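Enquirer: One structure, as structure tokens, below. Some questions next.
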Amino acid sequence: MECTYLVLGPIQVRTPQGLEAPGGPITRSVLAGLLIAANHAVSQDLLIDEAWGDHPPSDPEHSLHSQITRLRRVLGLEAITRNGHSYTLNADPDDVDSTRFERLASTAGDSSDPAGVRAVCLEALGMWRGAPFGDLADREFLQLEAYRLEEIRLNVIETCFDADLDLERHHEVVASLRAAVTQYPFREVLWRQLVTALDRSGRQPEALRAYDEYATFLRAELRIQPGTELQDLRDAIVAGRVQLAT
């Protein structure tokens with residue numbers, strides 16, 4: 001049975017019968033542990049630790065097998081195989097949304113065609129339904145993977161804005177960039193893109209105010225200055241205004 005595994009949001013599985021949430025938190029934790037190591041064996045001891053943590057059941061091996069049985073009812077008997085004391089989730093890489101997302105992110109980063117880059121970025125970002133792994137994101141064994149995926153998503157967002165600017169869509173992206181720097185105030189690339197978009201839209205005073213806002217934020221939070229590239233952009237805007245004034 002063919003399944004598509006969705007982890008860019010609450011964990012779900014798309015089967016021929018439709019979209020399903022495979023069981024409760026323990027069952028989904030077992031599935032998550034298998035998914036982040038898809039097509040590789042995961043020891044039952046590790047799966048038990050990931051699913052139950054410091055509070056394992058009285059018969060952990062039997063309890064784990066029960067969870068695997070529940071998953072097989074949803075995924076198909078062939079989806080999870082056992083070899084000794086290990087289990088393997090068998091899945092085509094593109095059947096896991098996070099893997100497909102990473103492939104699209106890599107494709108966008110390697111392309112030199114702004115329109116193509118933007119289209120791929122939008123396709124990749126459209127796959128996200130929320131925080132990776134949903135309500136399981138705070139599980140210790142998933143925290144690093146959730147953080148890694150979120151970092152890739154932010155890089156894709158920045159790549160998409162760069163493509164927008166290359167396509168001279170500076171007017172259209174100002175509002176989105178303002179929302180982005182509000183949500184992610186430490187991302188200097190987003191501030192540089194916002195200042196650039198405002199400048200290219202003929203809104204130089206607003207561009208300089210945005211720079212000052214970011215510089216003030218950095219001084220208050222980290223006691224540092226914006227990077228050289230952003231400082232140079234600010235100086236170029238000031239120089240341009242001085243030339244216009246004279």
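Enquirer: Whole-Hz ³J(HN,Hα) for each residue in segment 100-113, computed from phi via Karplus 6.51 cos²θ - 1.76 cosθ + 1.60 with θ = phi - 60°, x for glycine and proline: what do you get?
Expert: Couplings: 5, 4, 5, 5, 5, 4, 5, 4, 4, x, 8, 8, 10, 9 Hz.
Enquirer: Of G33, P205, Q17, whose Cα points farthest to the positive end of the dipole of the chain (charges on the beta-carbon: +1 Lys, Arg; -1 Asp, Glu; origin at the Cα centre)?
Expert: Positive-most Cα among the choices belongs to P205.
Enquirer: Just how large is the dipole of segment 114-246 about the Cα centre, in debye to the nearest 20, putting +1 at every Lys and Arg Cβ and -1 at every Asp and Glu Cβ?
Expert: 320
Enquirer: Take the alpha-carbon centre of segment 7-82, take the same for segment 184-229, and report the distance between them in whole Å.
Expert: 45
Enquirer: Tell me, what ³J(HN,Hα) does each residue in segment 65-79 have, in order and in whole Hz, if you take phi through Karplus 6.51 cos²θ - 1.76 cosθ + 1.60 with θ = phi - 60° and put x for Gly and Pro?
Expert: Karplus values, whole Hz, x for Gly and Pro: 4, 5, 5, 4, 4, 4, 5, 4, 5, 8, 8, x, 4, 7, 5.
Enquirer: Another one. Can you sort F161, F186, F141 from fewest to most other Cβ atoms within 10 Å of each residue's own Cβ?
Expert: By the 10 Å Cβ count, ascending, the order reads F186, F141, F161.
Enquirer: Oh, and also: What is the local net charge at P22, summed over the other residues whose Cβ is closer than 13 Å to its Cβ (Lys, Arg +1; Asp, Glu -1)?
Expert: In short, +4.
Readers should treat all values here as calculations from the given coordinates under stated rules, not as data from a laboratory. Here the structure is a predicted model, which means the values were calculated and not measured. Here Cβ is always computed from backbone atoms with ideal geometry, including for glycine, and neighbour counts include all displayed protein chains.
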